[in-house]
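To start, the structure under review is shown below, and the notes come after it.
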Amino acid sequence: TRFVHGEDGLSEALRATEALRPGSETKLDWKTIEGIAEDVPSCSLAYDDVLNQSLVDLSVSSGLFDSKSAARRLLKQGGLYLNNSRVDSENKKIEAADIVDGKVLLLSAGKKNKVLVRIA
């Protein structure tokens, strides 16, 4: 990465990699998410369809899970993340504060399965 993109490209790639790690302390912002957007599956949903929707329902409608039962199972095992923060409550609803810069959400199922929800 350093050879092709230089020092700035390397540091940006490292920051994006850190941001993708569930449980990461890296503060997600629009610029960081924009840097990882090409590497993560994404979907676009209307703001009104996302706000106050349960995280379990959003995990299915975004394509992260095939069923609500699969989402609940992983949530109970501690493997469901919203913007890199572990979600412990099955009753978690999406709030305006959860939407990064009013534009996106990052959902993660374990370490490798992720989806970026773009707010239209």
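The values are calculated or read from the model by the stated rules, or taken from the named source; none is laboratory data. This one's a predicted model, so the numbers in the text were calculated from it and none came from an experiment. Glycine also receives a Cβ, built like all others from the backbone with ideal geometry; neighbour counts cover every protein chain displayed.
Can you tell me which of Ser42, Ser59 is under 18 Å from Leu28 (Cβ atoms), at pLDDT below 95 and of a type outside the set (A, V, I, L, M, F, W, C)?
Among Ser42, Ser59, only Ser42 is under 18 Å from Leu28 (Cβ atoms), at pLDDT below 95 and of a type outside the set (A, V, I, L, M, F, W, C).
Within segment 37-56, how many residues are β-branched (Val, Ile, Thr) and either closer than 12 Å to Val104 by Cα or loosely packed, with under 12 Cβ neighbours inside 10 Å (or both)?
1
Of the residues Leu74, Leu28, Leu107, only one is touching a Leu at 6+ places or on another chain (Cβ under 8 Å), surrounded by 14 or more Cβ atoms within 10 Å (Cβ to Cβ) and assigned to a helix (DSSP H, G or I); which?
That would be Leu74, the only listed residue that is touching a Leu at 6+ places or on another chain (Cβ under 8 Å), surrounded by 14 or more Cβ atoms within 10 Å (Cβ to Cβ) and assigned to a helix (DSSP H, G or I).
For Asn91, are the conditions met, namely being in contact with a strand residue (DSSP E or B) (Cβ under 9 Å, 6 or more places away or on another chain) and modelled with pLDDT under 90?
No: the conditions fail for Asn91.
Among the residues in segment 79-88, are any of a type in the set (Ser, Thr, Tyr), in a strand (DSSP E or B) and more than 21 Å from Lys31 (Cα to Cα)?
no
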